[in-house]
1. Could you list all residues from the stretch 1-24 that are open to solvent by less than 40 Å² (accessible area, probe 1.4 Å) and of a type outside the set (A, V, I, L, M, F, W, C)?
2. Quick test of your reading of the structure: L266 fulfils all but one of (1) open to solvent by 20 Å² or more (accessible area, probe 1.4 Å); (2) in contact with a Phe, Trp or Tyr (Cβ under 9 Å, 6 or more places away or on another chain); (3) modelled with pLDDT of 85 or more. Name the failing condition by number.
3. Of these, A513, A546, A503, which one is in contact (Cβ under 8 Å) with a residue 12 or more places away in the chain and either outside any helix (DSSP H, G or I) or closer than 19 Å to I190 by Cα (or both)?
4. Is it the case that P524 is open to solvent by 10 Å² or more (accessible area, probe 1.4 Å) and closer than 22 Å to S463 by Cβ?
5. Just to check your reading of the model, which residue among T440, T467 is of a type in the set (S, T, N, Q), surrounded by fewer than 24 Cβ atoms within 10 Å (Cβ to Cβ) and over 30 Å from A546 (Cα atoms)?
6. Report, by residue number, each residue of the stretch 397-410 that is at pLDDT below 85 and open to solvent by 60 Å² or more (accessible area, probe 1.4 Å).
7. Quick check: is even one residue across the stretch 40-52 on the phi > 0 side of the Ramachandran plot and either free of Cβ contacts under 8 Å to residues at least 40 places away in the same chain or open to solvent by less than 30 Å² (accessible area, probe 1.4 Å) (or both)?
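The values are calculated or read from the model by the stated rules, or taken from the named source; none is laboratory data. What you are looking at is a predicted structure, and each value in this text was computed from that prediction instead of being measured. Glycine gets a Cβ as well: all are built from the backbone with ideal geometry, and neighbour counts include every protein chain shown. Just so you know, the surface numbers come from the protein's heavy atoms only, side chains and all, with ligands and any DNA or RNA stripped out. Shrake-Rupley method; radii C 1.70, N 1.55, O 1.52, S 1.80 Å.
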Amino acid sequence: MTFEIAFVLVLLVVAMVLLATELIPIELVALLLVTALAASGVLDAGIAFQGFASETVVMLACVMVLSRRLADSGLIARITRFLFQAGQVGKRGTTARLMAVSAFMSSFITNTSTTAVLIPAVADISTRTGTHPGRFLMPMAFASMMGGSATLIGTSTNLAASGALARLGLEPFSTFEFVGVAVVVTLVGITALTLFGSLLLPRSPDDISGSSIDTPLFMTTLTVPEDSPSIGATIAELDFASISLDPLAISREGGRVAAHPRRKLLADDRIIVQGSRDAVLAVLRNPQLGLIAKFGLQPDSASKARVVDAVLMPGACWIGQTLASMRAQLGSEISILALHRRGQAQPALIGRMRLKVGDVLLLSGPQGAIQTLKDGTDLSLLDTQLPLPPTQAEGTWTLIALVLAIIAGTTGVLPLSVALLVAVLALIVAGRMTLQDSFTMINWRVLLLIGGMSSFGLAMLESGAATWLASGLLAVLGGYGPHMLLLGLGLLTILLTQPMSNAAAALTLLPVAVEMAGQVGADPRPFAVMVTLSASLSFIAPFEPALLLIYGPGEYSFKDFPRAGGPVTLLSLAILLLLVPILWPLQMS
């Protein structure tokens, strides 16, 4: 093993640890990787930075803009509501219909946008059918990932892998190259989750009725100001029980004390409470109590503020920071009222809690400030009543532009990257959106991650690390035939999607797959397809943004995803093993 190979493999392990723990933002990990490769001489500086200026990055940015514009316009939501206005079809029928709609939509807009648009529809269906939303949300999100794998623009993983193939000297994937496999995976997935969903999903539809659906519990810190009418009152006299708010502890000078019913409140006391969204707001909006949130909603302004739930997304700049630090960065207009974290039972001063992916924050502020948060990529707002800036007419024009771009790209009139860029520029020139609007719709962190990991994949090949890993896999699996090699690549890719993003895992292993094919004298394309689709169809953990969006609303625990997603992932892998060698012959020499 040479120094270059060892250096690249050490970087791989370090990157996996950093991406899994999110000790630092993911875009910083990508930039550090590129810097280390260029500084060490493993890659020339010009080559190391090529990933950030690739055709893939341009295509992905355009897809983000068009998808976000469609989702925000309300056009897709209106179509979805129309589809579910038909008569009752039962829980299994509803699951099948939701999954079919989700898979179709995500073929043309990103699976994350599809999931975000469909969550309100699922909430409405759950209320009308008396079924816990967890029964529908996971199948819907799984289907968005299945449908997204069908086209080049449905998921960032396919786009990133196509660009990586071009940099490896191979023909990039075409727009609809994966449709055949994706259709089979989607149909089998819909059938499996429709028929056996009650066994795989965490909640049976008979477990609860619509009137007993649990609500997420938020934890917050209530401060007793010096002029509060609650000074001298006991915890019992505040009557938290009438609004189902649970006082957990009181933090005051000298330490923390129990929130005993007879405990009297002092000025500057901080009461740690836990309850539903409505319970938290009821306390803050009650001037007779005179209590305020630690980070700022005053009782006299509570009724005027816009209140939203926001999920902290992967790669958000606040991950690992305290809530107090986030509050300082948000500005004076935004208040952080409470925090919901799955499994958080111990009382805690939320201002000192380190933020994690999937935390749900209860935020308030004026409409303009809330809209600014919505336009960013760090938070995904779950408030379904937030006014949408683009009109449905603008959504229609966006849909037309997207369809024309796909037609132009697939028929060869224009390269797909150029066609997508023309679609975005046409909307800007026509006054349907501004250039600044388009910038806010782009997830720059994802672009930086893909650019950095693209360079790292090239370093795997140039340094010989890909050859070294491929030789190791061949030594273990080579005697069992090419199908076992495909299985090994698929399993290794799925394994890597757990600490890394799906796209990052694909970009890391594509050079290994291409090198392995060369060593056994096979066409590298089926090996590349196996890695790409295995990464796109990994449902085991809620690290994919589409799965993270449903984590809170579905009230899932981490173990629910391998329970339902494990069998679906293995089923998808079995289909890939069957169809990939048929549709992309191995052509062993």
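1. Result: E22, single match.
2. Against the list (1) open to solvent by 20 Å² or more (accessible area, probe 1.4 Å); (2) in contact with a Phe, Trp or Tyr (Cβ under 9 Å, 6 or more places away or on another chain); (3) modelled with pLDDT of 85 or more, L266 comes up short only on (2).
3. Step by step, each of A513, A546, A503 is checked, and only A546 is in contact (Cβ under 8 Å) with a residue 12 or more places away in the chain and either outside any helix (DSSP H, G or I) or closer than 19 Å to I190 by Cα (or both).
4. Criteria met by P524.
5. None of the others qualify; the one that does is T467.
6. Those that are at pLDDT below 85 and open to solvent by 60 Å² or more (accessible area, probe 1.4 Å): W397, L399, T410.
7. yes
Table: residues versus (1) closer than 18 Å to S572 by Cα; (2) touching a strand residue (DSSP E or B) at 6+ places or on another chain (Cβ under 9 Å); (3) not aliphatic (A, V, I, L, M).
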residue: I125; (1), (2), (3): no, no, no
residue: A143; (1), (2), (3): yes, no, no
residue: A160; (1), (2), (3): no, no, no
residue: R167; (1), (2), (3): no, no, yes
